Each structure stands twice: as C-alpha cells, then as structure tokens.
Amino acid sequence: MSRKTIKVNFTGLSIRNEFNPNDNSILDILKKHYDVQVCDDPDYVFCGVLYTGYFNQGAYDQYILKYPKIRIMLDGENLVPDYNLVDYAICQYPIEYYDRNCYFPCGIEAFTNRRTFFRELQDKDRNYPDEILKSKEYFASFIASHDSEHNIRGDFFKALNARKRVESVGSYLNNMPNGEMVDWLDGSKEEFLKKCKFSLCLESTDQEGVMADKIVEAFYADTVPIYYGSSNVKDIFNPKAFIDISDYPDFDTAIDRILEIESNDELYLEMIRQPIFSNQKYPEEKYDELERFLCNIFDQPLENAYRRSRCVAGENHEMFMKRALENELGIKVWRPDGKIVREYFKNAPKRICKKLLRKDK
C-alpha cells in the first residue's frame with residue numbers, strides 16, 4: 001500500500017540558526033508514517049505563535065499568517081497558543097482542548113535541534129561510584145541570561161551565594177573573574193555543570209506546567225537540580241532526586257537544607273543516585289503520545305483536519321492580525337544580536353491601533 005504524501009514547512013519558531021528544516025526530529029517522526037515533502041506551499045506548517053522568533057533564514061523567516069492551511073504551533077517558550085490562529089499546538093501548557101493540544105514539558109527543543117537529553121534520561125545509569133565526588137570542583141552553578149518573574153531567580157541566587165559561593169557563568173549576574181560564560185551550543189555548559197554538585201534551575205515564570213530544559217540539563221550532567229517553578233514538577237521528576245525551593249517556608253530554610261546535603265557525602269550520594277522520574281517510562285510515553293497526536297492530524301483528510309474557525313469572528317480576527325502585521329513590517333522586532341526590542345512590545349498595541357484607524361489605510 002502506498003503511503004500518504006504530506007507537504008509541510010516550518011516558520012517563526014523560537015529556535016536558533018542551526019535548525020535544519022529538512023533534517024529534524026519532527027520529520028523523523030513523520031517519515032515513519034508518511035512520504036514528506038518540505039516546501040513553501042505546504043498543507044501543514046509547524047510555526048511559532050505569531051512573530052518570527054529567533055530564526056532568520058530566507059524563506060523560513062515568515063509570519064505564520066502567510067500559510068493559510070493547517071497550522072501546528074511548536075514552541076518551548078512560556079507562550080499560550082492562540083487557537084484563533086493555529087489548529088493544533090505542541091507546547092508547555094497542559095491544556096485539555098479536545099485533540100488540539102499536546103503537552104510536552106522539558107524537551108520541545110529536542111525536536112528542532114536534536115538535543116535528546118530528555119529521552120536519554122530514561123535509560124541513564126544512576127549507580128554513581130563514590131569517586132564522582134572528586135569530579136565536583138564547585139559547589140553550585142547558576143546560568144541565566146535574565147531574571148525571572150517576581151525576581152525569584154536573582155533573589156535566590158544572591159541569597160545562596162551570600163552563604164556559599166555559586167559560580168554564575170551566564171550573562172545575568174555573572175561573577176566570574178574575567179566574565180567567562182558558557183554556551184550549550186558548544187558543549188561548554190554541560191562540561192561546566194558536570195563539575196558542580198548542584199545546579200540552580202529556576203524557571204523564568206511560575207506558570208503551571210511550564211518547565212524549560214534547565215532541570216533536564218542538570219540531571220543529564222550528573223548534578224543535583226535546585227528547582228523553582230511549576231508545582232507539577234514532582235508528577236514528572238522524583239522529588240527525592242532534586243531540591244524544590246517551594247517545599248520550604250523561605251529561602252533560608254531551603255538553603256540550610258542545601259548546605260546540609262552539600263556537607264554530608266552520604267546524603268549527597270543518596271540523592272544523586274535516586275531514579276530521575278516518578279514514572280521511569282515518562283519520556284518514552286510522552287514521545288509515544290506526541291507521535292499519536294501528530295498521526296491524528298495527518299491521517300485525516302486535509303479539510304477535516306482544520307480546527308480553527310475560518311469564518312465570521314475567526315476570519316475577522318485573522319484579518320485584523322494580518323493587517324496589523326502588514327502595517328508593522330517596517331519595524332524590526334528583533335535586533336541583529338537577537339535581543340528583543342522591548343519598547344516595541346510595550347508600545348505595539350497603541351501603535352497598531354492608530355495605524356488600523358488611519359483613513360488612508
């Protein structure tokens with residue numbers, strides 16, 4: 001029996017320039033079931049929320065509204081899908097919305113840059129010898145490019161660092177002698193984490209369900225995560241294998257416990273040897289769930305796969321957003337160095353509305 005041919009594309013994803021639209025993990029899944037064509041006239045597009053994100057490369061630097069057919073949001077940032085614009089979403093929010101959302105915490109970037117840490121953790125050998133302690137040159141690491149919501153990330157780092165030095169090797173609150181920094185792209189981040197007993201893994205937001213890959217990277221690098229963020233973290237990760245700041249009444253109490261474990265080799269080894277997941281098959285089950293989610297989309301006749309409203313209010317909403325973008329295309333949302341122009345987002349609603357109301361438009 002011949003396999004179904006599907007035409008797909010990728011656009012506006014919050015990913016880096018190493019992404020290859022013709023060679024990525026999403027395509028690996030799809031090619032197990034379909035003959036896949038990557039083209040600029042797709043029936044299905046994997047996309048970001050609306051703007052182009054970090055990715056700037058030729059035909060793939062397009063707004064999702066260019067593509068009128070089935071839209072599948074794929075984003076590892078703390079961004080809620082706009083179901084008025086997309087039909088389906090693979091995201092970090094555990095939204096129950098018929099067959100339209102696939103919740104995938106901690107590992108979405110694996111689909112765009114082949115970082116398979118999350119999947120590999122399932123089979124990771126945790127039977128560490130006592131000698132692992134000799135490889136731990138540093139107490140703890142802190143790697144961030146910005147503070148978090150409510151300043152928890154920066155405040156906790158400062159409180160812990162005041163009690164015992166924490167190596168801050170990111171661009172935010174860097175305390176290295178010559179401003180040295182590490183980067184996950186060249187492997188230096190993983191190598192540095194391996195030298196630390198603990199790793200601060202504080203989410204940028206405490207939105208329920210949102211978990212970035214910091215805790216995954218910490219486990220992968222054989223260090224103990226110190227976590228703050230979503231309360232469902234213990235549904236996924238074994239609470240005996242990491243420290244959740246939320247379990248303690250205040251920072252000082254949490255830090256007391258961290259320092260107790262740090263100073264007691266037996267306690268530390270007991271924690272680092274714990275199974276990583278509450279359900280050790282969790283990564284495998286999530287990948288299977290994602291595969292079923294995608295097959296449900298592509299197995300349907302194309303016209304049956306639409307989920308967003310394309311008439312009346314839904315059509316008007318899309319027309320409004322399209323016109324707003326057309327009026328704003330002359331403004332660079334992203335600077336050449338990849339930093340957000342914060343003033344743009346701060347003032348965008350007023351400016352967009354003014355232009356939409358102009359009589360000559």
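The values are calculated or read from the model by the stated rules, or taken from the named source; none is laboratory data. Note that the coordinates shown come from a computational prediction; the quantities given were computed from them, not determined experimentally. With ideal geometry, Cβ positions are generated from the backbone for all residues, glycine too; neighbour counts draw on all protein chains shown.
Numerical summary
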| item | result |
| --- | --- |
| Any hit, the range 74-95, residues being modelled with pLDDT under 90, acidic (D, E) and surrounded by fewer than 20 Cβ atoms within 10 Å (Cβ to Cβ) | yes |
| Failed condition for V224, given (1) within 18 Å of F142 (Cβ to Cβ); (2) crowded, with 16+ Cβ neighbours inside 10 Å; (3) modelled with pLDDT under 95 | (3) |
| Sole exception among (1) part of a helix (DSSP H, G or I); (2) surrounded by 15 or more Cβ atoms within 10 Å (Cβ to Cβ) for E266, by number | (2) |
| Residue among Q300, Q280 that alone is of a type outside the set (D, E, K, R), surrounded by 13 or more Cβ atoms within 10 Å (Cβ to Cβ) and at pLDDT below 95 | Q280 |
| Selection from the range 74-98 of residues that are hydroxyl-bearing (S, T, Y) and under 17 Å from V45 (Cα atoms) | Y83, Y88 |
| Wholly within the range 145-262, helices (runs of 4 or more DSSP H) carrying at least 1 residues that are farther than 17 Å from F118 by Cα | 152-163, 188-194 |
